[in-house]
Amino acid sequence: MNNSMSRYVERFNVVERVLHWTLVVAFFILVFTGLGLYARTFFGYFDFFGGPQQGILFHKWAGVVFFTSSLLLALSHLKELFTFDQDDVLWLKKLGGYLSKEHEDIPQGKFNCGQKLFGIFSLVGTLVMGITGIIIWDPAAFGRGLTQFSLMLHALFFTLFMMGVVVHIYLTTLGNPGTISSMLYGHVTKTWAKAHAVKWYRKVQKG
Amino acid sequence: MTNHWIDIRNADVVLMMGANPAENHPVSFKYVLEAKDRGATLISVDPRFTRTSAKADIYAPLRSGTDIPFLGGMIRYILENNLYFDEYVRHYTNASFLVSDDFQMPGELDGLFSGYNAEKRNYDKASWSFQRNEDGTPKTDPSLQDPRCVFQLMKKHFSRYTPEVVSDITGTPQDQLLKVYEAYAATGKRDKVATILYAMGWTQHTVGTQNIRAMAMIQLLLGNVGMAGGGVNALRGESNVQGSTDYGLLFHILPGYLPTPNAGQPDLAAYIAAHTPKTNDPQSANWWGNRGKYITSLLRATYDQSLTAEEGFGYDLMPKLDLGQNGSWLMLFDRMHKGGIKGFFAWGQNPACSGSNAGKVREALAKLDWMVTANLFDNETASFWKGPGVDPSKIDTEVFFLPAAVSFEKEGSVTNSGRWAQWRYEAAKPLGNSRPDLEMINDLQFRVRRLYQAEGGAFPEPILKLSWNYGFKMPDGSIPHIDVHAVAKEINGYFLEDKEIAGKLYKKGDPVPGFALLQADGSTSSGNWLYCNSYADKGNLMARRGKNDPSGMGLYPEWAWCWPVNRRIIYNRAAVDMNGKPWDAKRPVVWWTGNGWAGDVPDGPWKPMSDAEGKKPFIMNADGVANLFAPGLNEGPFPEHYEALECPLDKNPLHSERINPTIRLFSAGAVGEDVDAYYSCDQRYPYVATTYRVTEHWQTGVMTRNTPWLLELQPSNFVELSVELGQEKGIKSGDWCVVSSGRGQVEAVAVVTRRFRPFKVQGMTIHQVGLPYHYGWHTPKAGDSANLLTPTVGDANTMIPETKAFMVNIEKKRG
Amino acid sequence: MARKAFLIDMSRCIACRSCQVACKQWNKLEPEATVNRGSYENPPQLTPQLYNQIQFIEQGQGDELRWLFMNQRCMHCGDAGCIKVCPSAGALYHTPEGMVAFNQDKCIECHYCVNGCPFDVPRYDRKKKVTKCHACVDRIANGLVPACVKACPTQTLRFGDRDALIAEAKAAGKTVYGESELKGLGAVYILEDAPQTYNLPAKPAIPASIFLWKDVIKPLGILGFWGAMGAALLHYVTFGPKKLDEYGRRHDDDLNPPEKGA
């Protein structure tokens, strides 16, 4: 029994955190190099990367980094991501309690239902972006139809990612104070754990 | 061409046979399509469905070498169905002339006309003559009913060419055959006109001349000669080949189609007597009656003008043919092959690829002491000594290469198929040390002259007495740079002394305004009577670029200049009726106004034929009319079908004479090592073959194969064959194949296509293949010349080689 | 300036390919090493060095045999997929005459135009820059016709005022291809058969994927992004954050909340 007197519980180890922040950096490089390709409005962003040709190069290699780190991160949590129970249904019904000022008690594991869905989305999105990215890496390498479809999917998942990331950042920062420390320092307060992931908390407490 | 390129647009029917103008004369198709826009029917007859066929309204396939049955069938169709232009035929042709009772035809003599000598392979033409009145004029039957009149004989002769018989020879399905006949024969009306565009597909046969004769007869029967949108039109294969024949490029003619003198004409008088036809018909203009004026003026232009009439104005200095001597291409190379020729100028040509039976040509070049090649690029001829299978150490021929300037780097005239002489200018300076041909010839002349001056030699006069006043002379008499205008002016001709003609005085040194003013007494010069008027009192008419077309018929009389005397359509007096009224009011060429002719320059100033002072329209014939019966040709006065020297049939379906009985045979046939061997109806070579050109290349490809943009379009030799033959031989499109004949073999990429289809002939299925002849070993990966396959045999009249019908085998290349 | 166009009457084409060669000459395009693959068609398709190409189409057999020719080239669409998809403004553009030209200095080598084109026309050259028929911008800007038109002996290729050429073709009873598709093609064809026979799409359109991307996903995506931002902000000011201190106060000692919480 780990009944330590510490206020904190460890949530993410060093590897997880490094992977996460690697993919974050890669993600933002991808965003700012990709926006210029996504729509002409954002063409100016290429200037930050020494012009469009350089920007495209950054995009391609940032893509590789993102793909690898994101995939590794997702794979290391594969089991957790794909384990759902009745509490998740409740979570969904109550929309995680976010449409209420009060904190609703919905017992959740290490990741709540929303986080798991976001994780699954990230995994799928990473695969889609990675595969389509490879297809459009050299636009002449594959058939026109496949390349065109890939370009479309790439754009579609980019927009989904952007929306997802906005929500992700909001909920991990402003929306849920205390959450960010898990990615910054690796641990959360026991209070946070009880509030957000009580089933996980108990499990860790039992050791 | 009797007509000209633009005039094609005036036709109601355009027959393209023995030619592939869309591919080989693409610019002509501008006018062919204009005709189509105006409602014309386009007909393409070709063994292969070509780019021309793709645009035609009617396409009819025929087996190579069977044009005469095809056209003979049309003549029969026209005659049996009374579709001929009666008035025209009656008055403007020799249809009504009565032929000698001794004359017999192939229908009676099993394929021969009367007078054949099997040993000499020629005819005694005595019986091919007209019954004559006492004054020498031919006896006629204007009703055309006499069984001995040309019309009835012709009808009888061609009655054998029924659609069934024709189709069984040509392999053309009968319905296609009749479709062509019907469309074409519909122009036998006075206001309908058809034109024929032909090229090497007709000439390069052992019966080439008769192919064209057959068509000329059709055009006469339908009244299409002389008419706008009509005529008989040879599409020349080179921008200036018309010019080259006008200027006597061939061995048997001098400039202006004057026959080359022979040993039987020892002096000028004998020459003139031999070549000046006579007539007592007051209505015959008999233009060749002027022969003496033209040969004399040519001599005056050629040789020193100090030569007198007694000296024949230099006639003695002219080279003469031995009696019976034939100096044509095949004979020349045969003699070279036998070691009979020491030196050779290959000027702007590539015989190692262009010559029929090119393997023999290449062997022949090795027997020369020296060869000079003048060309733009190195080529298979210039480098024959290092060609495939040739050991350079065994070649003794010394080869010189003179780099020549291209046409855009020199000034001068070119004459197109429509007889227009057009002046061109130097657009760029010649590259490097290359020089215009004229400069090279000028230099050569002076060097040869100096040698004769220094060494004397056996017979120096022809060179030393050559007149050569073409520009500024150095103190030693040489001309550093030849003046092309001086040459052109001499071709036009000058008065050599003051001369009064019809009340007008011409001063010594004046240019002669037209050939009607040339004289037989030595008082005029003209390098080519046909071009007299081109550079005269009004200056260089060839340089004109006037775009006026007062007639609206596309004659453009102020654009360049056209021989003769700027007449755009020759025989145009046949385009009007006896009173000088155009047959076709919509498309008038010339017409009699009551006191003169209007429209095109008329074929002579005389009144229309109905007037007692009037003249008949075909002024170049002594009888004044066109020849439906033509006793001048070697194999007969009417065209008759003979198979090609190499053919898939062991017997002529019509009679016992398989091949043209008057062609010169170089080989006994199928005799082992003989370089001229031919293999007819031989299992080893079962497929009919033909050669042709494609748009993307030109001639033997020396220019185009060295133009990478063009090589990109057609990179290598190819052979086209039918889907059926491809299946039979296991050949697919893109496979490299070996095509072989009795004389050689070439590699080519297979183009298996539905555009070739097997022919049904005499109950057999006959396959035909075709190859372009543009390639040569000098271009990497391009394959060698298709002329390695073609035979050593020529037309009985012209000796043009038969490269359009021969037998080959084709196999997929192994390994 | 009134919109210009090519009028290409395939019924007049004799496949002499002067257009191919004249284009290469004027635009100084390099010759290519080719092989005969059993067809006259060469090079087999448009390349960075070949802006227009004649296709040879054999159809039917026997007396029904037809040999059709097709001049393949940039169609100079009014609504051009290549321009639509190009991220770099001015790399591909409409000239004042309405033709689609390119500026290699602005090309960012993304290759999107290759896939945005409904007709598979743009190619990339050795410098990895976009290249294709530009209707000889340098010639037409100076009042000349494009090189291919100049060289065409049969008036298969014509260039001029678009409306006038179409009106003329229609007056002659011809059906034209490309009059209104893609806001009107700048290469309008007269065909002798259905467009598919000439390897042309019956109803040419910008590829569906490209349309979805540029005309649906792009605007919706931007909307979605700002929507998400707005929603977050709205949530923050309405429901507010899940503050842990408040939660902690309420559950101060309860380190073991009910075992079977709902």
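Please treat every number below as a calculation from the coordinates, not as lab data. As the structure is a computational prediction, the values presented were derived from the model and not from experiment. Positions of Cβ are backbone-derived with ideal geometry, glycine not excepted, and every protein chain shown enters the neighbour counts.
Points worth noting:
- Pairs beyond 26 Å (Cα-Cα), from B:Lys360/B:Lys760; B:Lys293/B:Lys607; C:Lys128/C:Lys214; C:Lys28/C:Lys127; C:Lys84/C:Lys170; B:Lys155/B:Lys616: B:Lys360/B:Lys760; C:Lys84/C:Lys170
- Spin-label pair C:Gln155/B:Asp483, simplified geometry with 7 Å Cα→Cβ offset, distance in nm: 4.4
- Normalised by the number of residues in chain C, the mean separation of alpha-carbon contacts (under 8 Å, six or more apart) gives a relative contact order of 24 percent.
- The range C:33-112-the range B:672-702 distance, computed between alpha-carbon centres (Å): 39
- Every helix of 4 or more DSSP H residues in the protein assembly as shown counts as -39500 (n - 2.57), and over all residues that averages to -9000 deg cm²/dmol at 222 nm.
- Calculated FRET value between C:Val216 and A:Arg7, using beta carbons and R₀ = 51 Å, to 0.05: 0.55
- Efficiency of FRET between B:Ser143 and B:Ala585 - r from beta-carbon atoms, R0 25 angstrom, step 0.05: 0.30
- Gain in span if fully extended, B:Ile341 to B:Glu80, counting 0.36 nm per residue against the direct Cα distance: 88.6 nm
- Whole-number percent relative contact order across the range A:13-206, with pairs defined as alpha carbons under 8 Å at least 6 apart: 21
- Across the range B:353-512, Cα-Cα pairs farther apart than 20 Å form 68% of the total.
- Cross-link pairs B:Lys139/B:Lys615; B:Lys732/C:Lys203; A:Lys110/A:Lys206; B:Lys320/B:Lys499; A:Lys116/C:Lys243 - those with Cα-Cα distance over 25 Å: B:Lys732/C:Lys203; B:Lys320/B:Lys499
- Residues B:Ile58, A:Ile169 arranged by fewest to most Cβ contacts within 10 Å: A:Ile169, B:Ile58
- Dipole of chain B, positive direction: furthest Cα of B:Thr172, B:Phe400, B:Cys681, with charges on the beta-carbon: B:Thr172
- Applying the Karplus relation 6.51 cos²θ - 1.76 cosθ + 1.60 with θ = phi - 60° to the range B:215-230 yields 3J(HN,Hα) values of 6, 4, 4, 4, 5, 6, 4, 8, x, 9, 8, x, 7, 5, x, x Hz, where x marks Gly and Pro.
- About the Cα centre, charge dipole magnitude for the range B:524-579 (Lys/Arg +1, Asp/Glu -1 at Cβ), debye: 120
- Antiparallel content of DSSP bridges confined to the range B:656-794, in %, to 5: 50
- Note on B:Glu461 and B:Arg447: the extension gain reaches 3.5 nm, defined as 0.36 nm multiplied by sequence separation minus the Cα-Cα distance.
- Beta bridges per DSSP with both ends in chain B, % antiparallel, nearest 5: 55
- Amide hydrogen neighbours beyond the local backbone of C:Asn71, cut-off 5 Å, H modeled: C:Gln55
- With a simple spin-label model that places each label point 7 Å from the Cα along the Cα-to-Cβ direction, the separation between B:Ala186 and B:Phe472 comes to 6.5 nm.
- Backbone HN-Hα couplings from phi across the range B:95-107 [Karplus 6.51/-1.76/1.60, Hz, Gly and Pro as x]: 4, 8, 5, 8, 9, 3, 5, 6, 5, 10, 10, x, x
- Nearest-0.05 FRET efficiency for A:Lys101 and A:Lys60, computed from C-beta distance (R0 35 Å): 0.15
- Taking 22 Å as the limit for the C-alpha separation, the pairs B:Lys55/C:Lys174; C:Lys106/C:Lys150; B:Lys410/B:Lys465 exceed it in the case of C:Lys106/C:Lys150; B:Lys410/B:Lys465.
- When only the Cβ of Lys, Arg, Asp and Glu is charged (+1, +1, -1, -1), the dipole of the range B:687-812 relative to its Cα centre reaches about 220 debye.
- Debye, to nearest 20: dipole size of the protein assembly as shown, +1 on Lys, Arg Cβ, -1 on Asp, Glu Cβ: 4700
- When chain C is treated as a Gaussian network with alpha carbon springs shorter than 10 Å, the biggest mean-square fluctuation among C:Leu50, C:Leu244, C:Leu220 belongs to C:Leu244.
- When each of B:Leu298, A:Leu99, B:Leu321 is scored by the number of other beta-carbon atoms lying within 10 Å, the sequence from fewest to most is A:Leu99, B:Leu321, B:Leu298.
- Loop trypsin sites (Lys or Arg not before Pro), the range C:1-105, which have at most 10 other Cβ atoms in a 10 Å radius of their Cβ (DSSP): C:Lys28
- Nonlocal amide H pairs with B:Arg435, under 5 Å, H built at 1.01 Å: B:Ala404, B:Ala405
- Sorted largest first, extent of the protein assembly as shown alpha carbons per principal axis (Å): 152, 74, 68
- Residue (of B:Gly596, B:Leu633, B:Val565) at the positive-pole extreme of the range B:547-682, dipole from beta-carbon charges: B:Gly596
- Of all aspartates and glutamates in the structure, those lying under 20 Å Cα to Cα from A:Lys79, and not within fewer than 8 positions of it along the same chain, are A:Glu10, A:Glu16, A:Asp87, A:Asp88.
- Built amide H within the under 5 Å cut-off of B:Leu254, gap 5+: B:Thr260
- Computed over the range C:211-250, Cα set: Rg, Dmax in Å: 16.9, 55
- Prolate/oblate/rounded label for the range B:165-251 (Cα gyration tensor, a/c 1.5): oblate
- Spin-label model, B:Lys386/B:Asp110: points 7 Å from Cα along the beta carbon direction are separated by 5.8 nm.
- Relative contact order for the range B:19-93, counting Cα pairs under 8 Å that sit 6 or more residues apart, in percent: 21
- The alpha carbon convex hull volume per residue for the range A:13-206 rounds to 142 Å³.
- Separation between Cα centres of the range B:62-134 and the range B:235-250, rounded to whole Å: 30
- 10 Å binning of all Cα-Cα separations within chain B, expressed as whole percents from 0 upward: 2, 12, 22, 26, 22, 12, 3, 0, 0
- Leading residue at positive end of dipole, the range B:236-342 (Cβ point charges), from B:Ala263, B:Thr302, B:Phe333: B:Phe333
- Counted over the protein assembly as shown, the DSSP beta bridges are approximately 60% antiparallel.
- Of the residues B:Tyr678, B:Tyr59, B:Tyr198, the one with the fewest other Cβ atoms within 10 Å heads the list, and the complete ranking is B:Tyr198, B:Tyr59, B:Tyr678.
- Gained length - B:Asp101 relative to B:Ala309, 0.36 nm times residue gap less alpha-carbon distance: 70.4 nm
- Karplus 3J(HN,Hα) series, Hz, for the range B:749-766 with 6.51 cos²θ - 1.76 cosθ + 1.60 (x for Gly, Pro): 7, 6, 10, 7, 8, 6, 6, 9, 10, x, 9, 9, 10, 6, x, 10, 9, 10
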